[in-house]
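Asks: Sharing a structure here in structure tokens format.
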Amino acid sequence: MTYAPSGEQCTACRSGIEPFDPVRRATVEREPGRTVAVYRHIGACPSTHAVTA
């Protein structure tokens, strides 16, 4: 478990990651010799639909 830097998005739900959301970090090779960090929420992703009354 870790926390993502500001501005990152979850690779599963594509929603923004809040500063204290626990996430898993992995690396993906984009080009030969160049890797980037990707982040995914731990457990279920938060709902992306806001409920208004």
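Asks: Could you give me the ³J(HN,Hα) list for region 14-26, computed from phi with Karplus coefficients 6.51, -1.76, 1.60 and θ = phi - 60°, whole Hz, x at Gly and Pro?
Replies: 6, 8, x, 9, 6, x, 10, 6, x, 9, 9, 10, 9
Asks: Express the relative contact order of the chain as a whole percentage, based on alpha carbon pairs under 8 Å and six or more residues apart in sequence.
Replies: Answer for the chain is 34 percent.
Asks: Please give the length that would be gained between Thr35 and Thr2 if that part of the chain were fully extended, namely 0.36 nm times their separation in residues minus their C-alpha to C-alpha distance (nm, one decimal).
Replies: 10.1 nm
Asks: Within 12 Å, Cβ to Cβ, of Val28, how many net charges do the neighbouring residues add up to if Lys/Arg are +1 and Asp/Glu are -1?
Replies: Numbers: positive: Arg25, Arg30, Arg34, Arg40; negative: Glu29, Glu31.
Charge balance near Val28 sits at +2.
Asks: How much net charge surrounds Gln9 when only the other residues with a Cβ under 12 Å from the Cβ of Gln9 are counted, with Lys and Arg +1 and Asp and Glu -1?
Replies: Values: positive: Arg14, Arg40; negative: Glu8, Glu18, Asp21.
The answer is -1.
Asks: For volume of the Cα convex hull per residue in Å³, pick the label among [x] 57; [y] 105; [z] 92 that corresponds to the value derived from the coordinates.
Replies: From the options [x] 57; [y] 105; [z] 92, the structure gives [z].
Asks: Keeping every protein chain present and rolling a 1.4 Å probe, give me the accessible area per residue for the chain in Å². Write down the numbers at each step before the final one.
Replies: On the way: 4290 Å² over 53 residues.
I get 81 Å² per residue for this part.
The values are calculated or read from the model by the stated rules, or taken from the named source; none is laboratory data. Computed from a predicted model, the values in this text were never measured in an experiment. Here the Cβ is made from the backbone with ideal geometry for all residues, glycine too, and neighbour counts use every protein chain on show. The accessibility values were calculated without ligands, DNA or RNA, using every heavy atom of the protein model including side chains. Shrake-Rupley method; radii C 1.70, N 1.55, O 1.52, S 1.80 Å.
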